[in-house]
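In what follows, a single structure is set out as structure tokens and then discussed.
The values are calculated or read from the model by the stated rules, or taken from the named source; none is laboratory data. Keep in mind the model is a prediction, meaning the values are calculated, not measured. Because the Cβ atoms are built from the backbone with ideal geometry, glycine has one as well, and the counts that use them run over all protein chains shown.
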Amino acid sequence: MPVSTWVEVDLDRFASNLGAIRALVGSGTELLLVAKADAYGHGAVEMALAAEQAGVSLLGVATLHEGLQLRLAGCRLPIVALSPLLPAEIHEALTHDIDPTVGDLEFARQLSEAAVRSGRPARYHVEIDTGMGRIGVREPDVDAFFAGVALLPRLRLASIYTHFPDADSADTGFAEGQVGRFRELLRRLESAGTRAPLAHAANSAGTVNLPEARLDCVRLGLISYGVRPPLDRANPDVRAVMSLRSRLVQVRDLPPGTSISYSRTFTTTRPTRVGVVPVGYGHGYSWLLSNRGEMLVGGRRVPILGRVTMDLTMVDVTDVPDAAVGTEVVLFGEQDGVSLPVEEVARWSETLPYEVMCTIGKRVTRLYCRGGRAVRMTTLVGERPEWTAAADDYIRRRSAPATAG
């Protein structure tokens, strides 16, 4: 393996997850892949291209530059910016066919003016705030907003949508109320002459918990990457796409009474074999995992010893007799039939799986696999065919059944 630490992304699982969700929602409902935050750490370009091959209809980003990254990489699907853009970003968005979300009439006016100057219509999306309390047009202002937008030239409505704050909670009553009001709002707008090509409400949690919210399209974030919301009534057959892996760079035998790492928060009480993992909070691995997290080495769970540092973390490999420099370590994922899910790492880190995945930094290589083979490796310094070939050899050897010696 040509790198010490990497994220491994299983493109076959990703395609399978999208297929399972499509089977759940039906062929008449379109899929929007949320690819913001570097596709939740998986790599936005690679996941967007894989989603296009799998029949996804739209891509969602948060920022202008996230959309530009996809366009410049050759993504051809419609791209919607789900967070508000600044007026200064309108020209660039229109130039590269990135559809903004419009939440007020002033932005709509500036979008219209830019579209007139460009000589071609501008597609836009509208979020209705039915209870998220974050962005969008408030329900009482909807009629006046659309009446005002109807007077502006060169604007083409692409979708109307809303968002759930708690469709993953045990009580989905609030979200169900949002769905009912949103559907009624759509009927009222249509009777007044406004009908969007797409109406959507369901995020990942809404998709699996609220069938009535699936509408024309569902917005797939976490569940498309194989991580389930806390409440999952539909339980589609999805599996985690990402694993975080590293290799031991040093193994040392330490006597009892040896303190380990900053602030000396752990002291050995027995002869201890300590493995050093070249991952720390500088890679996005939480400092809160100090003295409480675990990793997988040799198909066994091993505890973290002492503080997680910026670049290195120590684990107890006393009970892993074959542990040596170069031995693979799984920080979350699977190894030799043993699973350490990202949800568990999130609990130890006192956060959400979203944050665990999104904070894995660019210094961590991304390795993309399909059909049991490494197909692409992206690193901080670019790509080299020989690195991908070496990674492919590593993956195939790791997957080969052990032979009796």
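Of the residues in region 366-386, at least one is basic (Lys, Arg), without any contact (Cβ under 8 Å) to a residue 12 or more places away in the chain and not assigned by TED's automatic domain parsing to the domain that holds Asn203.
Take the residues in region 109-135 that are surrounded by fewer than 16 Cβ atoms within 10 Å (Cβ to Cβ) and among the basic types (Lys, Arg), then tell me which one is nearest to the chain's Cα centre (by Cα). For region 109-135, the residue satisfying everything is Arg134. Applying the criterion of being more than 20 Å from Gly284 (Cα to Cα) and in contact (Cβ under 8 Å) with a residue 12 or more places away in the chain to the residues of region 334-365, the residue that is surrounded by the most Cβ atoms within 10 Å (Cβ to Cβ) is Gln335. Check whether at least one residue in region 12-22 is touching a strand residue (DSSP E or B) at 6+ places or on another chain (Cβ under 6 Å) and under 20 Å from Thr379 (Cα atoms), and report yes or no. Within region 12-22 (the criterion being touching a strand residue (DSSP E or B) at 6+ places or on another chain (Cβ under 6 Å) and under 20 Å from Thr379 (Cα atoms)), the answer is no, since none of the residues qualifies. Picking from residues in region 229-257 that are surrounded by fewer than 17 Cβ atoms within 10 Å (Cβ to Cβ) and farther than 25 Å from Gly333 by Cα, the one that is nearest to the chain's Cα centre (by Cα) is Arg252.
If the condition is being basic (Lys, Arg) and at pLDDT below 95, then region 189-219 contributes only Arg195.
Checking each residue in region 366-405 for being assigned to a strand (DSSP E or B) and either of a type in the set (Val, Ile, Thr) or surrounded by 13 or more Cβ atoms within 10 Å (Cβ to Cβ) (or both) picks out Arg366, Leu367, Tyr368, Cys369, Arg370, Arg373, Ala374, Val375, Arg376, Met377, Thr378, Thr379.
Does Glu106 meet the test of being over 30 Å from Pro211 (Cβ atoms) and either surrounded by 17 or more Cβ atoms within 10 Å (Cβ to Cβ) or aromatic (Phe, Trp, Tyr) (or both)?
The answer is no for Glu106.
All of Ala50, Ala73, Ala37 fail the test of being assigned by TED's automatic domain parsing to the domain that holds His163, in contact (Cβ under 8 Å) with a residue 60 or more places away in the chain and over 30 Å from Ala147 (Cβ atoms), apart from Ala37. The set of residues in region 161-173 being surrounded by 20 or more Cβ atoms within 10 Å (Cβ to Cβ) and more than 23 Å from the chain's Cα centre (by Cα) consists of Thr172 alone.
Looking at Ile128, Ile90, Ile135, can you tell me which residue is at pLDDT 95 or above, β-branched (Val, Ile, Thr), more than 18 Å from Leu198 (Cα to Cα) and not in a helix (DSSP H, G or I)? Working first, answer last.
Numbers: Ile128 fails: more than 18 Å from Leu198 (Cα to Cα); Ile90 fails: not in a helix (DSSP H, G or I).
Answer to the check: Ile135.
In region 111-123, the residues that are basic (Lys, Arg) reach residues that are surrounded by fewer than 19 Cβ atoms within 10 Å (Cβ to Cβ) and in a helix (DSSP H, G or I) with C-beta atoms within less than 9 angstrom, at least six apart or across chains, in these pairs: Arg117/His91. With respect to the conditions (1) touching a strand residue (DSSP E or B) at 6+ places or on another chain (Cβ under 7 Å); (2) surrounded by fewer than 20 Cβ atoms within 10 Å (Cβ to Cβ); (3) more than 30 Å from Pro229 (Cβ to Cβ), Val149 falls short on a single one, namely (2). When Thr207 is tested against (1) crowded, with 23+ Cβ neighbours inside 10 Å; (2) free of Cβ contacts under 8 Å to residues at least 60 places away in the same chain, only condition (2) is not met.
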